[in-house]
Amino acid sequence: MQIAHLVKTRATCPRRQVGAVIVRDKRIVATGYNGAPSGLSHCPTGGPENDWPNGCMRAGHCIRSLHAEQNCLLQAAKIGVACEGTTMYVTCQPCNACAKMLLNAGVTKVIYEGDYPDEFSLELFREANLEVFRFVEDRVEVVA
């Protein structure tokens, strides 16, 4: 989890910094953080320029940034590494879109730290029998 926290320092989204690490057999496979797609400008920081229509916020969500989990999976795909049977460490609970991507990529365990208001993602993990743990104060608690 410490490495995921280090990775999140590279995040370019001014609203929230999230880091993710995919691991297989205690080896890092890929990392990701939330931010704009490669080669595009970063999100504007705060103030009225961050609101519709000039900024990247729509209905309380940033539409410019990819999530850390998405970037992590895409980095693995870009370098040709399969995610089947891996564990993802992420500094925030995955949303339901990321949960679906993790399931389809073959990730078999998720360990997250911070909350995200998306109970449906946890329902998806439970239905898929994916091992999910929440990292709290240097210990893990079973979630699903």
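The values are calculated or read from the model by the stated rules, or taken from the named source; none is laboratory data. What you see is a predicted model; the values in this text were computed from it and never measured. Counting neighbours? That spans all protein chains shown, and the Cβs are built from the backbone with ideal geometry, glycine included. Accessible surface is based on the protein model in full, side chains and every heavy atom, while ligands, DNA and RNA are left aside. Shrake-Rupley method; radii C 1.70, N 1.55, O 1.52, S 1.80 Å.
In this simple spin-label approximation, R126 and A36 carry label points 7 Å from Cα along the Cα→Cβ vector, and these lie 4.0 nm apart. Estimated from the Cβ-Cβ distance and a Förster radius of 22 angstrom, the FRET efficiency linking R10 and D115 is about 0.50.
Pop out the carbon and sulfur fraction of the accessible area of the chain as a percent, whole number, probe 1.4 Å. Whole-percent figure for carbon plus sulfur exposure: 51. Relative protection proxy for 121-131, 10-20, from highest mean packing down: 10-20, 121-131 (other beta-carbon atoms within 10 angstrom). Of the beta bridges in the chain, as assigned by DSSP with both residues counted there, near 65 percent are antiparallel. In a simple Cβ point-charge model (Lys, Arg +1; Asp, Glu -1; nothing else charged), the chain has a dipole of about 500 debye relative to its Cα centre. Projecting the Cα atoms of C43, G106, A144 onto the dipole axis of the chain, where Lys and Arg carry +1 and Asp and Glu carry -1 at the beta carbon, places C43 farthest toward the positive end.
Rolling a 1.4 Å probe over the protein heavy atoms gives the chain an accessible area of 57 Å² per residue. Only lysines eight or more places from K100 in sequence, or on another chain, were considered; those with a Cα closer than 20 Å are K78, K109.
Excluding residues on the same chain fewer than 8 positions from K8, give the aspartates and glutamates whose Cα lies under 20 Å from its Cα. Answer for K8, where 20 Å is the Cα cut-off: E69, E113, D115, E137, D138, listed by chain and number.
The mean sequence distance of close C-alpha pairs (under 8 Å, at least 6 residues apart), as a share of the length of the chain, puts its relative contact order at 19 percent.
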